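To keep things clear, I will list the structure first and then write my remarks on it.
The values are calculated or read from the model by the stated rules, or taken from the named source; none is laboratory data. Predicted model only: the values in this text are computed from it and were never measured. Here the Cβ is made from the backbone with ideal geometry for all residues, glycine too, and neighbour counts use every protein chain on show.
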Amino acid sequence: MPKPLYIVLEGVDSCGKTTQSMRLAEALGAQLTREPGGTRIGQELRSILLDPSNSEITPLTELLLMNADRVQNLSEEVVPSLKSGISVVSDRSFVSTLAYQGIVRGLEFDLALQVCEIAMGEVRPDIVILLDIDIEQVRARRGTGQHNSTDRFEQEQDEFREKLILAYREIAQRLTNIRFVVVDARNNPEDVHASILAAVSELQKEHQDDQ
């Protein structure tokens, strides 16, 4: 029986991450989840975090709420699926927390990482697929009107998103204990999907060869 994989898709808003997560989960017959909001309790935490009227939320509050959601999601969705032999595809993970709160919001990176590690326990993604994109492409996609949102994070300015793009790239270099695959998200969705499938297939083959 193939080893179930915990696969994470990451990237700045408008990179196509959510669409690609759904396509990948369908292609693999995997459990799809997201952070924040993958559980009932997580949905309530997500509502608090994304509500634009909650402008007084501090970066540290964000960090703790994101990790509260993470504990619940791992406990209810990720770990039970993996134990049942079902792979999991997650739309975001602790990597986003490190990018948003640990770097762009100005918290100490090591502090953010430590809190994330406490929340995750022994669970780590088998692979993180970073959908890399440039700010010009983000602006173009948001300009189509397809990404209009009342989301507190998506209402941030382009400078915020540009910092996030750089933060994700930095994290992919810093977290040497996590397998990162960077995919060019500027390509058309079919090519992006094919690149993601190729990365996952390579990992699956490696696990089969080890058996």
Q) Looking at (1) modelled with pLDDT under 90; (2) crowded, with 17+ Cβ neighbours inside 10 Å; (3) of a type in the set (A, V, I, L, M, F, W, C), can you tell me which one Leu130 breaks? A) (1)
Q) When you go through Val138, Val104 one by one, which is the residue that is modelled with pLDDT under 90 and within 18 Å of the chain's Cα centre (by Cα)? A) Val138
Q. Do the conditions hold for Ser84, that is, is it surrounded by 24 or more Cβ atoms within 10 Å (Cβ to Cβ), at pLDDT 95 or above and not β-branched (Val, Ile, Thr)?
A. no
Q: State whether one or more residues within segment 52-61 are more than 25 Å from Pro4 (Cα to Cα), of a type in the set (A, V, I, L, M) and surrounded by 14 or more Cβ atoms within 10 Å (Cβ to Cβ).
A: yes
Q: Collect the residues in segment 15-29 that are outside any helix (DSSP H, G or I) and surrounded by fewer than 24 Cβ atoms within 10 Å (Cβ to Cβ), keeping them in residue-number order.
A: Gly16, Gly29
Q | Residue identified as of a type in the set (A, V, I, L, M, F, W, C) and surrounded by fewer than 21 Cβ atoms within 10 Å (Cβ to Cβ) among Val89, Val78, Val71 | A | Val71
Q. Taking the condition farther than 18 Å from Glu35 by Cα, buried (at least 17 other Cβ atoms within 10 Å of the Cβ) and of a type in the set (Gly, Ala, Ser), does Ser195 pass?
A. yes
